[in-house]
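The values are calculated or read from the model by the stated rules, or taken from the named source; none is laboratory data. All of these numbers come straight from a predicted model, not from anything done at the bench. Here the Cβ positions follow ideal geometry from the backbone for every residue, glycine too, while neighbour counts run over all protein chains shown. Keep in mind that these areas ignore ligands, DNA and RNA; they rest on the heavy atoms of the full protein, side chains included. Shrake-Rupley method; radii C 1.70, N 1.55, O 1.52, S 1.80 Å.
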Amino acid sequence: MTGLILDTISLVLLFLGSVLALSAAVGLARFRDTMTRLHAVTKPQTLGLILAVSGAILRVVGASELDAGAAGDLGVLVLIIAFTLITAPVIGQRVGRLARKEGLYDAEALSRDDTATGDAN
């Protein structure tokens with residue numbers, strides 16, 4: 001019975017992760033400038049990958065006994081999540097700064113400009 005529950009939860013997580021990754025791809029194709037594309041790629045893609053890998057972790061845990069091969073698979077899956085959480089924000093920050101420096105954004109679409117010079121409080 002627990003195997004069926006774990007398989008169902010794993011399937012739901014894999015499906016939700018796939019939907020989020022698809023929405024990131026659609027946002028990348030549909031949005032018009034670098035800043036909005038960057039937002040569309042970093043947020044749902046990272047969460048989608050984490051959900052999909054979490055579903056795979058549940059699948060490995062629920063599939064069989066935890067032998068050395070399964071433990072190694074779990075270690076790799078956990079490392080994938082850790083490296084994604086470490087690198088995705090840094091890459092998003094660097095690409096955003098580069099786009100700002102190169103002027104690859106629509107300044108009229110910004111709701112706030114933190115780097116504008118002027119009379120600040």
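Please check the chain for the longest run free of trypsin sites (Lys or Arg not before Pro) that are loop-located per DSSP (anything but H, G, I, E, B) and have at most 15 other Cβ atoms within 10 Å. Walk me through the numbers on the way to the answer.
Details: sites that count: ARG32, ARG112.
Segment 33-111 is the longest.
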- Query: Which order, highest average first, do 44-53, 75-84 follow once you tally other Cβ atoms within 10 Å for each residue and take the mean per peptide?
  - Reply: 44-53, 75-84
- Virtual spin-label span in nm between ILE9 and LEU28, 7 Å along Cα→Cβ: 3.1 nm
- Query: For the chain, max minus min Cα coordinate along each principal axis, in Å, sorted largest first?
  - Reply: 64, 27, 25
- Query: For segment 28-37, what does the Karplus curve 6.51 cos²θ - 1.76 cosθ + 1.60, with θ = phi - 60°, yield as ³J(HN,Hα) per residue in whole Hz, taken in order and with x for Gly and Pro?
  - Reply: 5, 7, 9, 6, 8, 10, 5, 5, 6, 5
- Query: About its Cα centre, how strong a charge dipole does segment 47-121 have in debye, to the nearest 20, once Lys and Arg get +1 and Asp and Glu get -1 at the Cβ?
  - Reply: 100 debye
- Here segment 68-75 yields Karplus 3J(HN,Hα) values (6.51, -1.76, 1.60; θ = phi - 60°; whole Hz; Gly and Pro given as x) of 5, x, 5, 5, x, 4, 5, x
- Which order do PHE15, PHE31 take when ranked by solvent-accessible area (1.4 Å probe, heavy atoms of all protein chains), largest first? PHE15, PHE31
- Please report, as a whole percent, how much of the solvent-accessible surface of the chain comes from carbon and sulfur atoms (probe radius 1.4 Å). 66 percent
- Task: Over the chain, give the accessible area per residue in Å² for a 1.4 Å probe, as an integer.
- Result: 72 Å²
- Message: Can you give me the solvent accessible area of THR42 with a 1.4 Å probe, rounded to the nearest 10 Å²?
- Response: 30 Å²
